[in-house]
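In what follows, a single structure is set out as structure tokens and then discussed.
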Amino acid sequence: MAIAGYGKTQIRYDMFDMERDAEQARRFARCENIYHKGQDLAWDGKDILPMLLREHGGINIPDDKRKAISRIFAIIMWGELAAWKISAQLADGLVPLEAKMAATSQAFDEARHFYVMHDYLKELGYVPKRMDRPPQALLDLVLDTPNLAYKLLGMQLMIETMALTIFQTVRELKAEPVIAELMKYYERDEARHVGLGMQYLPEMIRGMSKAEVSAMMVFQARILFWAMWETKMLEKDFETLGIEPRKVMELGRSKQVMAMKAAFKVLGIDLDEERSPAIMALNIANEFLFPTEETKDDWVAMFQAALAAATERVPADPAALDIHSSHQIRLANGGTAPAERDLSNT
């Protein structure tokens, strides 16, 4: 407690004290760049959503699809609020200036995502209400943990990649024209947020013991458990929109693995060699929750597929993440943001 300028203070005078090697300096510079890009690429939700509604003559879809989109994107809306709170927690808790700036930029983006999604859902006739248990539990895990490394892993590398998967799938399918176009704006922002995790999480892992890293992997597995349950809960809604839940899981897994591999590679850790228990568990569970046409009615085949999936190596395809920065969007300053590539160098 500080009294009259004496005692402990929340102002971190040590934020500039850390010595950095060349690689660390590059990664911190990329974190700072996330903040500046967030400023340069800001878009106005009060302008973009009405513009898209005018261009497409409003939202004109059958009631079953309207309900499916409402259920899926209501979770996204509350997820954006959670992301807003989590990024504010990170902005407060992270010490280095560059990482703090990047998290602050994310809080600004998430505030925009929340109110725009609320306005979109209002056009669908959705009335906000409490989420079902799986997405609530998933978000609470990351909101409530006091561990900043867990928070960064959970939000930037796990939840954000899940959201990007849904955004990409809905956009490519064009299930509803307005939300499909709106997703391009969300994707540009969320790709930067994943970049913060890829650039700064290695710094937080660097000082951990093996036991602490293992504990963090258990936390990751808990997130994946609730994420899979959430996807299973939304299975009928995805199918109503023509989306295959298994493909959603596979696409999301490729994005998560790419982000995780990039983060751990900095520390000289090859996740293909180390075999992450969380990823192995995800691969196995996927075969039981979302079986293929060949295995869904054959428990023996399903079990064999799960055993094979346990040791499956998910390819680290950079395009799985870079695609989200490839959209041209209209900016708040009246300009247009050109396509970009290579998220790892954000």
Which listed residue, of Glu212, Glu181, Glu172, is assigned to a helix (DSSP H, G or I), among the acidic types (Asp, Glu), open to solvent by 30 Å² or more (accessible area, probe 1.4 Å) and more than 30 Å from Glu55 (Cα to Cα): Glu212
Tally of residues being out of contact with any Ser or Thr (no Cβ under 8 Å at 6 or more places or on another chain) and among the basic types (Lys, Arg) across the stretch 151-172: 1
Qualifying positions in the stretch 111-136 - open to solvent by less than 30 Å² (accessible area, probe 1.4 Å), touching a residue at least 60 places away in the same chain (Cβ under 8 Å) and within 23 Å of Ala91 (Cα to Cα): Arg112, His113, Val116
Residues (under 22 Å from the mean Cα position of the chain (by Cα) and of a type in the set (Lys, Arg)) located in the stretch 8-39: Arg27, Arg30, Lys37
Selection from the stretch 127-148 of residues that are under 15 Å from the mean Cα position of the chain (by Cα) and either at pLDDT below 95 or among the β-branched types (Val, Ile, Thr) (or both): Val142
Residues located in the stretch 160-218, provided they are without any contact (Cβ under 8 Å) to a residue 60 or more places away in the chain and within 17 Å of the chain's Cα centre (by Cα): Arg171, Met183
Complete set of residues in the stretch 12-26 that are open to solvent by less than 100 Å² (accessible area, probe 1.4 Å) and over 19 Å from Pro202 (Cβ atoms): Asp14
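Do we have Phe108 as closer than 29 Å to Glu23 by Cβ, open to solvent by 10 Å² or more (accessible area, probe 1.4 Å), in a helix (DSSP H, G or I) and of a type in the set (A, V, I, L, M, F, W, C) here?
Criteria met by Phe108.
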Residue match in the stretch 41-48 (condition: among the aromatic types (Phe, Trp, Tyr), under 20 Å from the mean Cα position of the chain (by Cα) and outside any helix (DSSP H, G or I)): yes
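Just to verify a result, which residue in the stretch 333-346, among those that are open to solvent by less than 70 Å² (accessible area, probe 1.4 Å) and modelled with pLDDT of 80 or more, is nearest to Arg26 (Cα to Cα)?
Here the answer is Ala339.
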Residue in the stretch 195-207 that is modelled with pLDDT under 95, open to solvent by 10 Å² or more (accessible area, probe 1.4 Å) and in a loop (DSSP other than H, G, I, E, B) present: yes
Hits in the stretch 59-100 - residues which are more than 23 Å from Tyr120 (Cβ to Cβ), outside any loop (DSSP other than H, G, I, E, B) and touching a residue at least 24 places away in the same chain (Cβ under 8 Å): Gln89, Leu90, Gly93, Leu97, Glu98, Ala99, Lys100
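Restricting attention to the stretch 57-99, report how many residues are under 21 Å from Ile179 (Cα atoms) and open to solvent by less than 70 Å² (accessible area, probe 1.4 Å).
From the stretch 57-99, those under 21 Å from Ile179 (Cα atoms) are 57-84; that's our starting set.
Still in the list and also open to solvent by less than 70 Å² (accessible area, probe 1.4 Å): 57-59, 61, 65-66, 68-70, 72-83.
Final tally of qualifying residues: 21.
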Test for Arg30: is it without any contact (Cβ under 8 Å) to a residue 40 or more places away in the chain, within 19 Å of Gly195 (Cα to Cα) and charged (D, E, K, R): no
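The values are calculated or read from the model by the stated rules, or taken from the named source; none is laboratory data. Just so you know, these numbers come straight off a predicted model, no measurement behind them. Every residue, glycine among them, receives a Cβ derived from its backbone with ideal geometry; neighbour counts consider all protein chains shown. Protein only, heavy atoms only, side chains kept; ligands, DNA and RNA dropped before computing areas. Shrake-Rupley method; radii C 1.70, N 1.55, O 1.52, S 1.80 Å.
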